[in-house]
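Below is one structure, written out as structure tokens; comments come after it.
The values are calculated or read from the model by the stated rules, or taken from the named source; none is laboratory data. What you are looking at is a predicted structure, and each value in this text was computed from that prediction instead of being measured. All Cβ positions, glycine included, derive from the backbone under ideal geometry; neighbour counts span all protein chains shown. When the accessible area is computed, the model is the full protein with side chains, heavy atoms only, and any ligands, DNA or RNA have been set aside. Shrake-Rupley method; radii C 1.70, N 1.55, O 1.52, S 1.80 Å.
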Amino acid sequence: MQIASKYDPSQVEDKWYKYWNDNGFFSSKPDNRKPYTIVIPPPNVTGVLHMGHMLNNTIQDVLVRRKRMQGFNALWVPGTDHASIATEAKVVGMLKEKGIKKADISRDEFMNYAWLWKEKHGGIILQQLRKLGASCDWSRTKFTMDPTMYESVIDVFIDLYNKGLIYRGVRMVNWDPVALTAVSDEEVIYEEQHAKLYYLRYKIVGEDNGWVTIATTRPETILGDTAVCVNPNDERFTHLKDKKVIVPLINREIPIIFDEYVDMEFGTGCLKITPAHDINDYNIGIKYNLPSIDILNDNGTLNENAQLYVGKDRFVVRDEIIVDLEKSGNLVKIEPYVNKIGLSERSHAPIEPKLSMQWFMKMKELAKPALEVVENDTVKFHPAKFKNTYRYWMENVKDWCISRQLWWGQRIPVYYLPDNTMVVAKSREEAFEKVVKELKRTDVNIEQLRQEEDVLDTWFSSWLWPISVFDGIRNPENKEIKYYYPTNDLISAPDILFFWIARMIMAGLEYRHEVPFHNVYITGVVRDKLGRKMSKSLGNSPDLLELIKEFGSDGVRAGMLFTSPAGNDLPFDESLCEQGRNFSNKIWNALRLVKGWNVDDNIPQPEYASVAATWMYVKINETIERLDNQFADYRISEALMTVYKLIWDDFCSWLLEIVKPPYGEPIDGKTYSEVVSFFEKLMQLLHPFMPFVTEEIWHNLKDRAEGESIMISKMPESKACNKKVISQFDNAMDVIMAIRTMRLEKNIPQKEKISLYIKKNNNGQPDVTFDSVVAKLTNLEQISYVDNKVEGALSFIIGTTEFYVPAPSSINVEAELEKLNADLEYMRGFLISVDKKLSNERFVSNAPEKVVEIEKKKKADAEEKIAVILEQIKALKQ
């Protein structure tokens, strides 16, 4: 068989992916096998593959491929999220390029454009996942705005509304002035920024020289102030009871109120109260029945209520108002100040606290059982440390703002009568039927019903994902939901622990009375060499398709996993991918070596090959046991390194070296058959991690029938074996390495045959199991076991066993004596330093017992080495 001299992923990967897909190896249907199910965390339909996706989906593919090979009916459901804020922004941008404003077209026209954009750009990330080797059942690809998925979301809204868990009200929300929508608390990211603290003075009404000074980072909001608050325990301000102050520039009189909420140590001890633009001020406003003056438009510009700077952006006004406050004598001073600013996760615009009519969902009732199933390990987190983070979220859960002021998304199924009476229904027709039958209203016709303009938060669809992908909301008794649910493992990033994971657990318990998955594997954050999170904005995230082009999909997959233990950040470096590519090349070269041998079925198997095969059989079985434990504990990175070492070290560096026939000679048929069998098993163990190269090699090892594939072959299982063989071989390896080192140090050529004498311990029975291997790999003329030491020979000790090699004629005695005397001088000096330490009574009495024991061992080792060197010098001088 002609095998290419170099492994070329570009000639292999597309070929095998098409083969797998065409043969239906990714697809799954309910049958009598045990299911193994993973649902993909749906990436945004706007997205392209980034490093986090690469890591997350590689781990998912490793798990699902392994389970498939273990005989499970493995299903990996792919799909995308409609990403309402991000997608709407993309569509608005596209329309802008065409000279079209969103405000100038109807909702239906906008939705048509949005669907066109989705069809053109929305499948990019799923196509990229194919390049990674993702073995998803693509026939099941879901999109959160698909008709069945959309209907599921609407059904859940109606159900929760009817249960009293969804309500509408004016609340302080996080307002995104760029996306023009409310966002939930979890969608706000906080960044430390260097800001300014402005000290402003307000004149006390009725006093010529009376002032109070407040400190604020947002001077533009003074235009919405409705009170100044001080702590009743602050003696500096007791004289201000029942007083009022004047808001600068607009001359509004506002009361001074007293509340212990104010921190007497912060700023001046006086706090401006702006109920419409700060959540804490809002709560104080409710407590003291203060008016609320909203001075901002939805886009962050000032409105008529501000009286000044109307129509100007909030940040422009911040600069202008300080100039005016200085002119009016109200600016006391400005100090630098480090402040945490809330930014919108999607648009990165500074969030504006804003009073707004929104839809909310009560969370406390749903959170209790969702916390309990994590506390009792019905759902396990890997690593377990994330249980604490989860507990904190669930014990401090707030009502969820589920409405968004957008058009792209599931439109809230609420209809308003002309008098604003609400009806919740799936359709206008159903709503009108309720108006007539339940409200007994005959004064309204169907055309007068007005549907709610807002859509639901994107997470309100994705929290149903493990259920809705199997149509479990609309058809709760269908065979697919009953077969595949609950799913097994969820692979996710830590930043959506509450956004998505917690809410899915809530939804699963509410609608299936069962958790949606049993294990949650939390990946780390992919960082660059400087420790920064990889992102497009920083320009430190490589083009993943270019990485695949350079290193191959297998190389990139392995590179991602080499240093990615669960929950720990991954310090990514392209050298990791290079290491993965080198591994592919190493295995490929091993294939070329094995397939290059001439096989002769008529010659007997040498003893060294027979015992080496026995060792490799045991080693593989022992490794399979370890792999099973590592996968059970979700130590995926460790599992890859375990297979890596088994192949690179044990198979390539040892087994192939042992059984390799002398140059120009054939290999016996039995050994060749065993090597191929081991090679197959190793490729099966490696396949979940590196699917392409393993498939290619598996097909090259022997002829395969059409439709055969390593990905549906049976994963090797551990079998009972004599593990003593491993320690026996380890001892043989130590001997081989020692002899090779001796040859190197003594300049004894490898081609020169030498003899080895082994002194028996206590006249015991020698272990000769791997003597033939030692003899072959170190070019020994003979191995003999003796009762006494061999005079005049070179020697070394392994454990408690002494080994002797008669000095060959080629050895330079003078040079060797010079080296030994230098070693002796060094070891004697070392022994003196250790003796000094041990003769120091203060050290012995004060140092920890363990430290003293280490020093005593150093002394014993040094004395033993000195004795060996003296023996070697004596032998050379004879």
Identify, by number, the condition in (1) over 32 Å from the mean Cα position of the chain (by Cα); (2) acidic (D, E); (3) open to solvent by less than 30 Å² (accessible area, probe 1.4 Å) that E352 doesn't meet.
-> (1)
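Which members of the range 610-635 meet the condition of being hydroxyl-bearing (S, T, Y) and either assigned to a loop (DSSP other than H, G, I, E, B) or open to solvent by 10 Å² or more (accessible area, probe 1.4 Å) (or both)? Working first, answer last.
In the first step, residues of the range 610-635 are kept if they are hydroxyl-bearing (S, T, Y); the result is 610, 614, 617, 623, 634.
If the condition is that a residue be hydroxyl-bearing (S, T, Y) and either assigned to a loop (DSSP other than H, G, I, E, B) or open to solvent by 10 Å² or more (accessible area, probe 1.4 Å) (or both), then S610, T614, Y617, Y634 are the ones that fit.
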Checked the range 72-98 for anything under 18 Å from F25 (Cα atoms), open to solvent by less than 10 Å² (accessible area, probe 1.4 Å) and either at pLDDT below 95 or not in a strand (DSSP E or B) (or both); matches are P78
Only one of (1) without any contact (Cβ under 8 Å) to a residue 40 or more places away in the chain; (2) open to solvent by less than 10 Å² (accessible area, probe 1.4 Å); (3) in contact with a helix residue (DSSP H, G or I) (Cβ under 8 Å, 6 or more places away or on another chain) is not met by L223, so which one is it?
-> (1)
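Got a sec? Which of E326, E265, E320 is more than 30 Å from T181 (Cβ to Cβ), at pLDDT 95 or above, acidic (D, E) and open to solvent by 50 Å² or more (accessible area, probe 1.4 Å)?
Details: E265 fails: at pLDDT 95 or above; E320 fails: more than 30 Å from T181 (Cβ to Cβ).
Unique residue meeting the criteria: E326.
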Can you tell me which residue among A431, A367 is surrounded by 15 or more Cβ atoms within 10 Å (Cβ to Cβ), touching a helix residue (DSSP H, G or I) at 6+ places or on another chain (Cβ under 7 Å) and part of a helix (DSSP H, G or I)?
-> A367
State whether the residues of the range 102-122 include one that is in a loop (DSSP other than H, G, I, E, B) and surrounded by fewer than 16 Cβ atoms within 10 Å (Cβ to Cβ).
-> yes
Can you tell me how many residues in the range 792-839 are touching a helix residue (DSSP H, G or I) at 6+ places or on another chain (Cβ under 8 Å) and among the acidic types (D, E)?
-> 3
Residues in the range 846-869: is at least one open to solvent by 90 Å² or more (accessible area, probe 1.4 Å), of a type in the set (S, T, N, Q) and part of a helix (DSSP H, G or I)?
-> yes
Please tell me if R65 is within 30 Å of S718 (Cα to Cα) and open to solvent by 50 Å² or more (accessible area, probe 1.4 Å).
-> no
Is there a residue in the range 149-168 that is touching a strand residue (DSSP E or B) at 6+ places or on another chain (Cβ under 6 Å), of a type in the set (S, T, Y) and open to solvent by less than 30 Å² (accessible area, probe 1.4 Å)?
-> no
Within the range 370-379, residues open to solvent by 80 Å² or more (accessible area, probe 1.4 Å) and in a helix (DSSP H, G or I) come out as E372
List pairs: first in the range 631-656 and closer than 20 Å to V520 by Cα, second open to solvent by less than 20 Å² (accessible area, probe 1.4 Å) and of a type in the set (S, T, Y), Cβ under 8 Å, 6+ apart or cross-chain?
-> Y634/Y521; I636/Y521; I636/S564; S637/S564
In this structure, does V525 turn out to be at pLDDT 95 or above, hydrophobic (A, V, I, L, M, F, W, C) and in contact with a Lys or Arg (Cβ under 8 Å, 6 or more places away or on another chain)?
-> no
Taking the condition in contact with a Lys or Arg (Cβ under 7 Å, 6 or more places away or on another chain) and outside any loop (DSSP other than H, G, I, E, B), does F843 pass?
-> yes
Yes/no for A732 being within 39 Å of the chain's Cα centre (by Cα), of a type in the set (A, V, I, L, M) and either in a helix (DSSP H, G or I) or surrounded by fewer than 16 Cβ atoms within 10 Å (Cβ to Cβ) (or both) | no
Can you pull out the residues in the range 492-524 that are within 22 Å of E365 (Cβ to Cβ), in a loop (DSSP other than H, G, I, E, B) and open to solvent by 10 Å² or more (accessible area, probe 1.4 Å)?
-> R512, H513, E514
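For (1) farther than 29 Å from S584 by Cα; (2) free of Cβ contacts under 8 Å to residues at least 40 places away in the same chain; (3) hydrophobic (A, V, I, L, M, F, W, C), each residue gets a yes or a no:
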residue	(1), (2), (3)
S10	no, no, no
P35	yes, no, no
G47	yes, no, no
V64	no, no, yes
T80	yes, no, no
K96	yes, yes, no
Being touching a Leu at 6+ places or on another chain (Cβ under 9 Å) and either assigned to a loop (DSSP other than H, G, I, E, B) or among the acidic types (D, E) (or both) is the filter here, so list the residues in the range 454-471 that pass it.
-> D454
Among M711, M715, M742, M737, which is the only one that is within 30 Å of Y19 (Cβ to Cβ), out of contact with any Cys (no Cβ under 6 Å at 6 or more places or on another chain) and not in a loop (DSSP other than H, G, I, E, B)?
-> M711
Within the range 269-286, can one find any residue that is open to solvent by 80 Å² or more (accessible area, probe 1.4 Å) and over 42 Å from the mean Cα position of the chain (by Cα)?
-> yes
Number of the condition not met by L530 [criteria: (1) hydrophobic (A, V, I, L, M, F, W, C); (2) surrounded by fewer than 21 Cβ atoms within 10 Å (Cβ to Cβ); (3) touching a residue at least 60 places away in the same chain (Cβ under 8 Å); (4) assigned to a loop (DSSP other than H, G, I, E, B)] | (3)
Does at least one position in the range 778-786 carry a residue that is open to solvent by less than 80 Å² (accessible area, probe 1.4 Å) and in contact with a helix residue (DSSP H, G or I) (Cβ under 6 Å, 6 or more places away or on another chain)?
-> yes
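Any residue at all in the range 64-71 that is touching a Leu at 6+ places or on another chain (Cβ under 6 Å) and at pLDDT 95 or above?
Looking only at the range 64-71, we keep the residues that are touching a Leu at 6+ places or on another chain (Cβ under 6 Å), and these are none.
No, the range 64-71 contains no residue that is touching a Leu at 6+ places or on another chain (Cβ under 6 Å) and at pLDDT 95 or above.
Residue by residue through the range 99-142, note down the ones that are small (G, A, S) and farther than 30 Å from F25 by Cβ.
G99, A103, S106, A114
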Enumerate the pairs (first residue in the range 684-700 and in contact (Cβ under 8 Å) with a residue 12 or more places away in the chain; second residue anywhere and among the acidic types (D, E) and open to solvent by 10 Å² or more (accessible area, probe 1.4 Å)) with beta-carbon separation below 8 Å, excluding pairs fewer than 6 apart on the same chain, so at least 6 apart or on different chains.
-> F692/E13; W698/E680
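From the list I712, I647, which one is closer than 30 Å to N57 by Cβ, open to solvent by 50 Å² or more (accessible area, probe 1.4 Å) and not hydroxyl-bearing (S, T, Y)?
Details: I647 fails: open to solvent by 50 Å² or more (accessible area, probe 1.4 Å).
Within the list I712, I647, the selection yields I712.
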With the checklist (1) at pLDDT 95 or above; (2) open to solvent by 80 Å² or more (accessible area, probe 1.4 Å); (3) not charged (D, E, K, R) in hand, flag the one item Q750 doesn't pass.
-> (1)
